[in-house]
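For reference, the structure discussed in these notes is given below.
The values are calculated or read from the model by the stated rules, or taken from the named source; none is laboratory data. Predicted, not measured: the structure shown is a model, and the values here were computed from it. Note that we place each Cβ from the backbone using ideal geometry, even for glycine, and neighbour counts take in every protein chain shown.
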Amino acid sequence: MKNKSIVEKDVGRFIPLLLDLKGNTLRLGSFDLPGGEVALKKGDEFRITTNKKIKGNENIVSCDCSDLGKLVKIGDKLLVDYGRNVLIVKK
């Protein structure tokens, strides 16, 4: 398999590439708190559950991905709010 720069030289033109780097997306449920959000500090423990009946608070929130436990492993990073916050999977 040739790399892009070799093929560009072979055909005599620039070849643009388009990549999708977004990855999986999951939606968090609502929070049963004033303002509807929670502020986490570095080191706080926070649970994400697939039980959609759970209303979020300072410790837990539900998500729409029933396979979440199969998709993540200990040490994985979950980017929240478009990467503004990073959660690390502990268990």
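Report yes if some residue within segment 61-77 is surrounded by fewer than 10 Cβ atoms within 10 Å (Cβ to Cβ), at pLDDT 90 or above and in contact with a strand residue (DSSP E or B) (Cβ under 8 Å, 6 or more places away or on another chain); otherwise report no.
Yes, some residue in segment 61-77 is surrounded by fewer than 10 Cβ atoms within 10 Å (Cβ to Cβ), at pLDDT 90 or above and in contact with a strand residue (DSSP E or B) (Cβ under 8 Å, 6 or more places away or on another chain).
I'm trying to understand the selection: among the residues of segment 1-32, which are over 26 Å from Ile60 (Cβ atoms), assigned to a loop (DSSP other than H, G, I, E, B) and over 14 Å from the mean Cα position of the chain (by Cα)?
Listed by number, the residues that qualify are Met1, Lys2, Asn3, Gly12, Arg13, Phe14, Ile15, Pro16, Leu17, Leu18, Leu19, Asp20.
Identify, from the list Gly69, Gly43, Gly35, Gly83, the residue that is among the small types (Gly, Ala, Ser), part of a helix (DSSP H, G or I) and without any contact (Cβ under 8 Å) to a residue 12 or more places away in the chain.
Criteria check complete, one pass: Gly35.
Please verify whether segment 51-59 includes one or more residues that are surrounded by 10 or more Cβ atoms within 10 Å (Cβ to Cβ) and in contact with a Lys or Arg (Cβ under 8 Å, 6 or more places away or on another chain).
Yes, because at least one residue in segment 51-59 is surrounded by 10 or more Cβ atoms within 10 Å (Cβ to Cβ) and in contact with a Lys or Arg (Cβ under 8 Å, 6 or more places away or on another chain).
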